[in-house]
Amino acid sequence: MVPLCQAEVLYFAKSVEITGVRSETISVPQEIKALQLWKERETRHPGLADVRNQILFAVHQEYVELGDQLLLLQPGDEIAVIHHYYSGG
């Protein structure tokens, strides 16, 4: 069994409006796939599903694709959820 750790999720831009918080501490497995971590955020804050294609996800201050990439988290790590909107003009 993979041990759990406490991580801080930071919300920016529209994700703050959707979640109603700027940050929250979560308990997650130290080894988790990026998409699984994102789905857990969507479960807690269902409105995030509506902007999924407009979200930048960052762990360890590096952008992460919402896919099968395995994240290795340590207690106190920061995970950023950044709403990024591009109008394509």
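Each reported figure results from applying straightforward, stated rules to the coordinates on display, with no laboratory input. Bear in mind that the values here come from a model prediction, so they are computed numbers and not experimental data. Don't worry about glycine lacking a Cβ; one is built from the backbone with ideal geometry, like all the others, and counts go over all protein chains shown.
A few remarks follow.
- Coupling constants for region 66-78 follow from the phi torsions by the Karplus curve (6.51 cos²θ - 1.76 cosθ + 1.60, θ = phi - 60°), and in residue order they are 7, x, 8, 4, 7, 9, 10, 9, 10, x, x, 4, 9 Hz; glycine and proline get x.
- Amide proton proximity set for H60, modelled H, under 5 Å, gap of 5+: E78
- Residue-averaged [θ]222 nm for the chain, counting only DSSP H segments that reach four residues, each worth -39500 (n - 2.57): -5500 deg cm²/dmol
- Mean separation of Cα contacts under 8 Å (6+ apart) over length of region 1-85, as relative contact order %: 43 percent
- Whole-Hz ³J(HN,Hα) from phi, Karplus 6.51 cos²θ - 1.76 cosθ + 1.60, for region 4-19, glycine and proline x: 8, 9, 8, 10, 9, 9, 10, 10, 10, 6, 4, 4, 5, 4, 5, 7
- When the Cα positions of P3, A58, H45 are compared along the charge dipole of the chain, H45 comes out farthest toward the positive end, with charges on each C-beta of Lys, Arg, Asp and Glu.
- Net dipole in debye of the chain [+1 Lys, Arg Cβ; -1 Asp, Glu Cβ; about Cα centre; nearest 20]: 220 debye
- Acute angle (nearest 10 degrees) that the helix 34-44 long axis makes with the longest principal axis of the chain, alpha-carbon atoms: 70 degrees
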